[in-house]
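Notes follow the structure.
The values are calculated or read from the model by the stated rules, or taken from the named source; none is laboratory data. Treat the numbers as computed from the prediction; the structure is a model and nothing was measured. Note: ideal-geometry Cβ built from the backbone for every residue, glycine included; neighbour counts use all protein chains shown. These area figures cover heavy atoms from the full protein model, side chains too; ligands, DNA and RNA do not enter into them. Shrake-Rupley method; radii C 1.70, N 1.55, O 1.52, S 1.80 Å.
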Amino acid sequence: MRKTKTFLRVSFMLLALSGLLFAGCSSSSDDDPPQTAPVKPISGITVYDANGDAYSGENINFTKVLGVGQGGEAVETFTALGLTGAQVKVTDKKLTVNLGTQPVANGKLGAMPEDRFTVNPPSARFYEIYEFKNDTSSKKLELLKVEGGNVKGLASPFYTSEAVSVNGLSFIKGWNWLMFEMEGDGSPYVGNPMALGFKWYIDFDW
């Protein structure tokens, strides 16, 4: 499973780029392209541990991300991304996620290759987060869909610098949800992760 996870992480951005067309076509007609669900602040929700039980450990602050942008996959701090007002933490065993409204630093944003995508406007830039990380330990936080102890899907906060259409799939300016199936062709899709059975996990080993 570790090899599968490593492969998927390396290829997530490529899947996000190469699969957007499939996500746009499978969810709606060409005349009514689907909108991604915005990443809204949440608080007071249950987070789960590696065993799939409700987390019962100490408070945790997550101040870094494993993400991908112009420079490829890298661990970045909220400060380096420009997200100085962001809060991602577990307090009294409940989770808060608020990425704020500040834009991701321009130097971290990447572009979609013009030979494979119709991006309108073409000036739009993107940044994707795979997982949140703790500053002083190896703890990680991910939004996953888990069935029978196996990961079936991953939801990624996906930032775009402006409202944009990519191969018929519409993104709002700011944070959007981009989701992936772990089986089949791995094509990304859009919607509300929480309504589709995704949950927040700390240190889930997959």
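Number of residues in region 174-189 that are closer than 23 Å to Asp205 by Cα and assigned to a strand (DSSP E or B): the value is 6.
For region 95-135, which residues satisfy the criterion of being farther than 21 Å from Phe171 by Cα, outside any loop (DSSP other than H, G, I, E, B) and at pLDDT below 95? Explain how you work it out, then say what you get.
Our first condition is that a residue be farther than 21 Å from Phe171 by Cα; within region 95-135, this holds for 95-96, 132-135.
Going one step further and asking which of them are outside any loop (DSSP other than H, G, I, E, B), we end up with 95-96, 132-134.
If the condition is that a residue be farther than 21 Å from Phe171 by Cα, outside any loop (DSSP other than H, G, I, E, B) and at pLDDT below 95, then Asn134 is the only one that fits.
For region 164-173, indicate whether the set of residues that are touching an Asp or Glu at 6+ places or on another chain (Cβ under 7 Å) and not in a loop (DSSP other than H, G, I, E, B) is non-empty. Spell out the reasoning first.
Going through region 164-173, the residues touching an Asp or Glu at 6+ places or on another chain (Cβ under 7 Å) turn out to be 168, 173.
Next cut, not in a loop (DSSP other than H, G, I, E, B) only: none.
Checking region 164-173: not a single residue is touching an Asp or Glu at 6+ places or on another chain (Cβ under 7 Å) and not in a loop (DSSP other than H, G, I, E, B).
Does region 161-206 hold any residues that are of a type in the set (Ser, Thr, Tyr), at pLDDT below 95 and either under 30 Å from Tyr55 (Cα atoms) or buried (at least 23 other Cβ atoms within 10 Å of the Cβ) (or both), and which are they? Passing the criteria: only Tyr189. Of all residues in region 78-99, none satisfies the criterion of being open to solvent by less than 20 Å² (accessible area, probe 1.4 Å) and among the hydroxyl-bearing types (Ser, Thr, Tyr). Pairs meeting the criteria (first residue in region 46-63 and among the aromatic types (Phe, Trp, Tyr), second residue in a loop (DSSP other than H, G, I, E, B), beta carbons under 8 Å, at least 6 apart or on different chains) are Tyr48/Tyr55; Tyr48/Phe204; Tyr55/Asp49; Tyr55/Lys93; Phe62/Asp135; Phe62/Lys139.
Determine whether Val151 is touching a residue at least 40 places away in the same chain (Cβ under 8 Å), closer than 15 Å to Tyr189 by Cα and either of a type outside the set (S, T, N, Q) or touching a helix residue (DSSP H, G or I) at 6+ places or on another chain (Cβ under 7 Å) (or both).
Details: touching a residue at least 40 places away in the same chain (Cβ under 8 Å): yes; closer than 15 Å to Tyr189 by Cα: no; either of a type outside the set (S, T, N, Q) or touching a helix residue (DSSP H, G or I) at 6+ places or on another chain (Cβ under 7 Å) (or both): yes.
The answer is no for Val151.
Within region 40-77, being open to solvent by less than 50 Å² (accessible area, probe 1.4 Å), of a type in the set (Asp, Glu) and in a loop (DSSP other than H, G, I, E, B) holds for one residue alone: Asp49.
Within the bounds of region 13-35, is there any residue that is open to solvent by less than 80 Å² (accessible area, probe 1.4 Å), touching a helix residue (DSSP H, G or I) at 6+ places or on another chain (Cβ under 9 Å), closer than 21 Å to Tyr189 by Cα and modelled with pLDDT of 50 or more? For region 13-35, residues open to solvent by less than 80 Å² (accessible area, probe 1.4 Å), touching a helix residue (DSSP H, G or I) at 6+ places or on another chain (Cβ under 9 Å), closer than 21 Å to Tyr189 by Cα and modelled with pLDDT of 50 or more: present.
As for region 136-145, it holds no residue that is more than 22 Å from Leu83 (Cβ to Cβ) and assigned to a loop (DSSP other than H, G, I, E, B). Among the residues of region 112-137, those that are among the small types (Gly, Ala, Ser) and open to solvent by less than 60 Å² (accessible area, probe 1.4 Å) comprise Ala124, Ser137.
Looking only at residues in region 138-148 that are modelled with pLDDT of 90 or more and of a type outside the set (A, V, I, L, M), the one that is least open to solvent (accessible area, probe 1.4 Å) is Glu142.
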